[in-house]
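Data block below; observations after.
The values are calculated or read from the model by the stated rules, or taken from the named source; none is laboratory data. This is a predicted model, so every value here is computed, not measured. Cβ placement follows ideal geometry from the backbone for every residue including glycine, while neighbour counts extend to all protein chains displayed.
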Amino acid sequence: MTLTQTPRLADPSAGLHASLDVLDDVELERLDRAGQAQLLRSLTRAEARIAAIRMRVLSRAERDATAAASGAASTGQWVAQMVNADPAVAHRQVQLARGLEARPAAERALRSGEISAEHVAVIVHADRSLPVRLTPAERDAVEIALVAKAKRLTPSALRRAARRALEAVERDAAVVDAHENDLVVDEEDRARVRTRLTLHENGDGTVSGHFTVPSAQGQLLRKIIETITAPRRGRLGATHTQVGDREARTDWDRARGEAFVELIEHLPTDHLHRRTAATLVVTLAEDVLRGALRAAGLDTGGSLSAGEVRRLACTSGLIPAVLGGKSRPLDLGRSFRLFTENQRTALGLVHRTCAADGCERPFAWCELHHLQAWALGGATDLVNAVPLCHFHHQRIHDHRYRHRRTPGGQIRFVMKT
């Protein structure tokens with residue numbers, strides 16, 4: 001060894017692989033439900049901690065210019081070569097690692113396994129999207145607030161909350177609203193640039209395609225497809241003749257494909273320039289329609305900028321659930337069994353998703369259920385309504401399960417013993 005050479009350290013990950021060998025020998029079939037849950041939580045925490053170490057390695061490689069020493073054009077390219085990864089994915093990972101260097105609270109939470117790498121990506125992106133006028137102390141305060149939310153929110157829910165991350169340091173609600181709207185506008189602009197549709201004739205009687213569309217239109221398409229696939233074709237236990245091929249009802253990719261075919265066949269091509277074929281419910285304050293800059297929420301869980309809302313309101317099947325507008329009858333008592341669209345719109349202002357505990361199916365996909373059954377005297381009133389996705393609506397009527405409503409309004413299921 002020459003004086004200029006650095007001694008090579010032993011593989012620091014050897015102990016990690018030894019532990020994984022032990023885990024690989026665990027007899028999973030002997031674990032009860034509690035054991036499965038505990039192992040799953042431990043593995044998830046371990047994944048987060050490993051991700052934190054990996055990001056530190058990427059950051060160090062970037063600072064040491066390791067890529068240049070090996071002839072690679074960038075650290076991302078070097079990573080792709082080392083681990084046989086896609087260069088674009090590796091580049092994003094390096095950028096995330098660099099962003100995490102400036103966010104110590106998020107890094108600590110990731111290193112301890114309290115949040116995931118997906119949460120970190122949201123926090124880093126939110127930090128990069130903050131106004132440049134913020135001081136370092138204000139950025140730290142925003143980061144700490146987002147880390148606290150990340151410990152209890154899913155990455156997708158955190159992504160929605162991060163649009164209003166400025167609330168942690170900005171008291172003026174109008175400034176926060178305008179910043180959120182600017183973020184949504186930028187997202188919409190990027191989405192329009194990336195919009196694509198390709199179709200390929202396969203020569204076997206089928207056509208394959210790939211499309212990329214803005215989120216609002218994509219959610220609208222998803223809502224249409226889910227609406228077509230949602231209706232039941234027969235009661236439980238119905239014959240094959242009555243309900244068709246069981247595979248078509250359990251293979252959701254096939255079901256959505258058939259729904260897409262049905263949609264194409266029923267497109268009103270003679271009126272496409274007048275109105276879209278379905279509606280979205282948009283929750284917004286009344287002043288947004290008058291010109292205020294504030295993002296609005298969709299009943300599918302997405303968001304639209306104020307300008308996009310006003311544009312769609314001119315031509316599309318868009319139902320504005322205007323806060324502060326005129327009230328509509330929401331309680332029908334025993335006069336009607338089925339809930340109305342007015343009631344559905346009002347309930348959508350309270351629930352963003354299925355009311356089942358932990359379910360993230362958007363409200364737009366849900367069916368309205370009587371908490372107290374109508375047949376047993378329950379009223380068709382808003383206070384007696386709860387949104388449930390198709391799966392959980394079936395489960396709440398399944399005699400093998402008990403359910404209760406939590407103080408927060410969620411429905412929690414327990415299998416009967």
>> Looking at the structure I just gave you, is VAL94 buried (at least 17 other Cβ atoms within 10 Å of the Cβ), in contact with a Gly (Cβ under 7 Å, 6 or more places away or on another chain), in contact (Cβ under 8 Å) with a residue 12 or more places away in the chain and in a helix (DSSP H, G or I)?
In response: yes
>> One residue is enough: does the stretch 345-359 have a residue meeting the conditions under 21 Å from THR154 (Cβ atoms), touching a strand residue (DSSP E or B) at 6+ places or on another chain (Cβ under 7 Å), of a type in the set (S, T, N, Q) and surrounded by fewer than 16 Cβ atoms within 10 Å (Cβ to Cβ)?
In response: no
> Can you spot a residue in the stretch 117-137 that is surrounded by 18 or more Cβ atoms within 10 Å (Cβ to Cβ) and either modelled with pLDDT under 90 or among the polar types (S, T, N, Q) (or both)?
Replying inline: no
> So which residues in the stretch 359-376 are touching a residue at least 12 places away in the same chain (Cβ under 8 Å) and more than 21 Å from ARG222 (Cα to Cα)?
Replying inline: HIS369, HIS370, LEU371, GLN372, TRP374
> Since ALA72 meets every condition but one in (1) part of a loop (DSSP other than H, G, I, E, B); (2) surrounded by 15 or more Cβ atoms within 10 Å (Cβ to Cβ); (3) under 31 Å from the mean Cα position of the chain (by Cα), which condition does it not meet?
Replying inline: (3)
> Before we move on, is ALA165 modelled with pLDDT of 95 or more and surrounded by 13 or more Cβ atoms within 10 Å (Cβ to Cβ)?
Replying inline: yes
> Exactly one of (1) in contact with a helix residue (DSSP H, G or I) (Cβ under 6 Å, 6 or more places away or on another chain); (2) modelled with pLDDT under 80; (3) not basic (Lys, Arg) is unmet by GLN394. Its number?
Replying inline: (1)
>> I'd like the residue in the stretch 17-67 that is under 22 Å from ALA102 (Cα atoms) and hydroxyl-bearing (Ser, Thr, Tyr) and, out of all such residues, is surrounded by the fewest Cβ atoms within 10 Å (Cβ to Cβ).
In response: THR66
> Here are some residues: SER19, SER13, SER74, SER59. Which one is in contact (Cβ under 8 Å) with a residue 24 or more places away in the chain and either among the small types (Gly, Ala, Ser) or not assigned by TED's automatic domain parsing to the domain that holds PRO136 (or both)?
Replying inline: SER59
> Quick one: how many residues across the stretch 86-116 are modelled with pLDDT of 95 or more and over 19 Å from ARG60 (Cβ atoms)?
Replying inline: 7
> Of the numbered conditions (1) within 28 Å of the chain's Cα centre (by Cα); (2) under 20 Å from ALA109 (Cα atoms), SER59 satisfies every one except a single condition; which is it?
Replying inline: (1)
> Failed condition for ARG152, given (1) under 23 Å from THR353 (Cα atoms); (2) surrounded by fewer than 14 Cβ atoms within 10 Å (Cβ to Cβ); (3) touching a residue at least 12 places away in the same chain (Cβ under 8 Å), with all others met?
Replying inline: (3)
>> Given the options GLU143, GLU170, name the one that is within 24 Å of the chain's Cα centre (by Cα), at negative phi and without any contact (Cβ under 8 Å) to a residue 60 or more places away in the chain.
In response: GLU143
>> Among the residues that make up the stretch 37-48, is at least one of them modelled with pLDDT of 95 or more, assigned by TED's automatic domain parsing to the domain that holds SER112, closer than 26 Å to GLU118 by Cα and touching a helix residue (DSSP H, G or I) at 6+ places or on another chain (Cβ under 7 Å)?
In response: yes
> Failed condition for ALA85, given (1) over 29 Å from GLU143 (Cα atoms); (2) part of a helix (DSSP H, G or I), with all others met?
Replying inline: (2)
>> Among the residues of the stretch 372-383, are any at pLDDT 85 or above and either among the basic types (Lys, Arg) or not in a loop (DSSP other than H, G, I, E, B) (or both)?
In response: no
